[in-house]
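Below: one structure, written as structure tokens.
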There are 2 protein chains.
Amino acid sequence: MSTKGQTTRSRLLAVGLDTISVEGLTGLTLGGLAVEAGVSKSGLFAHFKSKEDLQLSILDEAVRLAGAHVVAPAMNVEPGLPRLRAIVENWLGWSTRSGLRGGCPMAAAIFELDDLSGEVRDRIVEQEAAWRGFLTALVREAVSCGHLPKTVDVDQFVWELFGIYLSHHASSRFLRDPQARDRAGRAFAALLRRAGKRDAQ
Amino acid sequence: MSTKGQTTRSRLLAVGLDTISVEGLTGLTLGGLAVEAGVSKSGLFAHFKSKEDLQLSILDEAVRLAGAHVVAPAMNVEPGLPRLRAIVENWLGWSTRSGLRGGCPMAAAIFELDDLSGEVRDRIVEQEAAWRGFLTALVREAVSCGHLPKTVDVDQFVWELFGIYLSHHASSRFLRDPQARDRAGRAFAALLRRAGKRDAQ
């Protein structure tokens, strides 16, 4: 594909991702996106063969963006608990720091598509599993490094960490509570203490 | 309003609530609801003057249903920690036990409308505040009864309880994880222990 084609595709993905971060996947329309991105509808179809194809591409773009803003900077941090802390720090409120107007598109999609079926739901299931798997690996690494004891229930830890993330999302974006970040930090500190975090960490 | 009018209104609200539990507020259309409820579109407008009016009425109906299935049965339970436990027990997965096909409409709306504005969002903000206030009062009651110590940070407790609810919603409905209920129970037990629950409770 030509450079111009790449640029148009990138712009469509960026505008589409911003739209779904505010309005959800259901709020995305092909016509609306074409207008917002300044592309004709036939120009849009040159890049995405259907609305579903567009949604899937936007979700992949969301993962790429989260990778750049949440994961990449933390990979320079020492493995174990320091890296886990860095990931959690970057994860909370990542969409705003990535330049999106709205909240985390994956979190919203989890509540939007939970009772539906189809390829878009399946993609979110895969993305969620990959992210959960990554968090699980980080907690295991903290155990290997001796920062957390071997007795920690890793799956339960990650399950509760998701709860902290979701409660932070609801309280920061929906309630616009200025204390959201502080509450999430306290909850995470308590989760680490309960897991048996070594005092030095 | 005549009994027949009441019945039609009730049917529209019940069908509409079931629809939003599956498809979210955005998934509700006046035409679709009229067909599903077996009412003409003009018949529907005899009860609701706009889509927004319908959405607000459905959200109120959701609160009424949750009141009947979550709150009412727990009010027969001894005040303090036993009642708080009963409320949490009834809250987790309440929509299914209330006969809805989908998940909690309020939880979904919190993620659907967080970055939007308008009367429907405002109604959810009010409903959320009322529910958070009720949970806060229950935790305070557990303190008054001597089941939890006076040192408990009640707002933080309720904030984390919301996280457990949301993680349970995501894991039970989106991931369809059979362990969701067990994980929520373990997280709640840990939250109570950290709050300094008396051993006898």
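The values are calculated or read from the model by the stated rules, or taken from the named source; none is laboratory data. Here the structure is a predicted model, which is why all the values come from computation and not from measurement. Neighbour counts run over all protein chains shown; Cβ positions are idealised from the backbone, glycine included.
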Those residues of the stretch B:111-148 which are in a loop (DSSP other than H, G, I, E, B) and either within 14 Å of chain A (Cβ to nearest Cβ) or under 13 Å from the mean Cα position of the chain (by Cα) (or both) amount to B:113, B:114, B:115, B:116, B:117, B:118
Does any residue in the stretch A:59-76 that is touching a residue at least 12 places away in the same chain (Cβ under 8 Å) come within less than 6 Å, Cβ to Cβ, of a residue that is among the β-branched types (Val, Ile, Thr) and part of a helix (DSSP H, G or I) six or more places away or on a different chain, and which pairs are these? A:74/A:87
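Among the residues of the stretch B:118-171, count how many are among the hydroxyl-bearing types (Ser, Thr, Tyr) and touching a residue at least 60 places away in the same chain (Cβ under 8 Å).
As a first pass, look at the stretch B:118-171 and keep what is among the hydroxyl-bearing types (Ser, Thr, Tyr): B:136, B:144, B:151, B:165, B:167, B:171.
Checking the rest, the ones that are also touching a residue at least 60 places away in the same chain (Cβ under 8 Å) come to B:144, B:165.
Number of matching residues: 2.
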Among (1) crowded, with 18+ Cβ neighbours inside 10 Å; (2) at pLDDT 95 or above, residue A:56 falls short only on (1)
Tally, over the stretch A:150-189, of residues that are farther than 15 Å from residue A:84 by Cα and either part of a helix (DSSP H, G or I) or not β-branched (Val, Ile, Thr) (or both): 23
The residue from A:157, A:174 that alone is within 25 Å of residue A:27 (Cα to Cα), more than 16 Å from the chain's Cα centre (by Cα), among the hydrophobic types (A, V, I, L, M, F, W, C) and modelled with pLDDT of 95 or more is A:174
Report, by residue number, each residue of the stretch B:176-201 that is hydrophobic (A, V, I, L, M, F, W, C) and within 7 Å of chain A (Cβ to nearest Cβ). B:187, B:190
Could you tell me whether any residue of the stretch B:97-109 is free of Cβ contacts under 8 Å to residues at least 60 places away in the same chain, closer than 22 Å to residue A:164 by Cβ and of a type in the set (Gly, Ala, Ser)? no
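Can you tell me which residue among B:12, B:25, B:33 is touching a His at 6+ places or on another chain (Cβ under 7 Å) and under 21 Å from residue B:104 (Cα atoms)? Lay out the reasoning, then the answer.
Working: B:25 fails: touching a His at 6+ places or on another chain (Cβ under 7 Å); B:33 fails: touching a His at 6+ places or on another chain (Cβ under 7 Å).
Sole residue among the options that is touching a His at 6+ places or on another chain (Cβ under 7 Å) and under 21 Å from residue B:104 (Cα atoms): B:12.
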Among what's in the stretch B:61-110 and is outside any helix (DSSP H, G or I), closer than 17 Å to residue B:184 by Cα and among the small types (Gly, Ala, Ser), pick the residue that is farthest from the other protein chains (Cβ to nearest Cβ). B:93
Being among the acidic types (Asp, Glu) and either under 22 Å from residue A:77 (Cα atoms) or touching a Gly at 6+ places or on another chain (Cβ under 8 Å) (or both): is that true of residue A:119 here? no
Look at the stretch B:1-43 and say how many of its residues are hydrophobic (A, V, I, L, M, F, W, C) and within 19 Å of the chain's Cα centre (by Cα). 8
If I filter the stretch B:149-175 down to residues being at the interface with another protein chain (Cβ under 7 Å from one of its Cβ atoms), farther than 21 Å from residue A:153 by Cβ and of a type outside the set (Phe, Trp, Tyr), which single residue comes out as surrounded by the fewest Cβ atoms within 10 Å (Cβ to Cβ)? B:156
